[in-house]
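S.K.: Here you go, one structure.
Computed from the coordinates by the stated procedures, all read-outs in this text should not be read as laboratory data. Because the structure is a prediction, the values reported are computed rather than measured. Cβ placement follows ideal geometry from the backbone for every residue including glycine, while neighbour counts extend to all protein chains displayed.
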Amino acid sequence: MNLWIVAAVLSTMLPLMASANPVQDSYRAAAKQENAAFVDFSATRGEAFYKARAGDLSCGSCHGDSPKAHGRHATTNKDILPMAPVANAERFTDLAKVEKWFKRNCGDVLKRGCTANEKGDFIAFLLSVK
């Protein structure tokens, strides 16, 4: 095979492989089970979800307007590390931790659990932050 063809194929595949996120992939599979019409996650919907208010709270109430910045818990005043993986490489690397925080925060803000689609959109938004 021509070396130039191999280089061209790899140059298009590597960015896709680098952007893969196993946690988001698990939500992608769950979203397909929840909704047969599911196509993919949307960073735009994820940003709207991040900014949406439910009563007095939104994600930004504690995490701040910029997901690249440190946040502060609205009740305890405890420091919260940045949400965006570009500013905090450990975000969205451990499914058990991600599920723990989604369960707690979705319950606090929305008074219900988040759907797999909402979780995936949220992560898509935060992965898109540069």
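S.K.: Give me the lysines in straight-line cross-link reach of LYS130: C-alpha distance below 28 Å, same-chain residues under 8 apart excluded.
M.R.: LYS32, LYS51, LYS68, LYS78, LYS97, LYS100, LYS103, LYS119
S.K.: What cysteines in the chain have no other cysteine with a beta carbon less than 4.7 Å from their beta carbon?
M.R.: So, CYS59, CYS62.
S.K.: In addition: Cut-off 14 Å, label point 7 angstrom out along Cα-to-Cβ of ASP56: give me the residues of region 64-94 whose amide nitrogen falls inside.
M.R.: The answer is 74-77, whose backbone nitrogens lie closer than 14 Å to the label point.
S.K.: Next question, about the same structure. Contour minus end-to-end for LEU95 and SER128, with contour as 0.36 nm per residue of separation and end-to-end as the Cα-Cα distance?
M.R.: 10.0 nm
S.K.: A further question follows. Around ASP40, under 12 Å between beta carbons, what's the net of Lys plus Arg minus Asp minus Glu among the other residues?
M.R.: With Lys, Arg at +1 and Asp, Glu at -1, the net is +1.
S.K.: Indicate the gyration tensor shape class of region 43-92 (rounded, prolate or oblate), computed on the Cα atoms with a ≥ b ≥ c the square roots of the eigenvalues: a/c under 1.5 is rounded; otherwise a/b larger than b/c is prolate and the rest oblate.
M.R.: It is oblate, given that a/c is not under 1.5 and a/b is not larger than b/c.
S.K.: Sticking with this one: Please identify, among ALA84, ALA54, ALA69, the residue showing maximal mean-square fluctuation in a Gaussian network model of the chain using a 10 angstrom Cα cutoff.
M.R.: Answer for the Gaussian network model of the chain: ALA54.
S.K.: Can I ask one more? Can you compute the modelled spin-label distance between LYS78 and ALA36, with each label point 7 Å from Cα toward Cβ, in nm?
M.R.: In this crude spin-label approximation the distance works out to 4.3 nm.
S.K.: Please build a GNM for the chain, connecting alpha carbons under 10 Å apart, and tell me which residue among ALA31, ALA43, ALA74 fluctuates the most.
M.R.: Largest GNM mean-square fluctuation: ALA74.
S.K.: Suppose the Debye formula is applied to equal point scatterers at every Cα of the chain; what is log10 I(q)/I(0) at q = 0.10 Å⁻¹?
M.R.: -0.37
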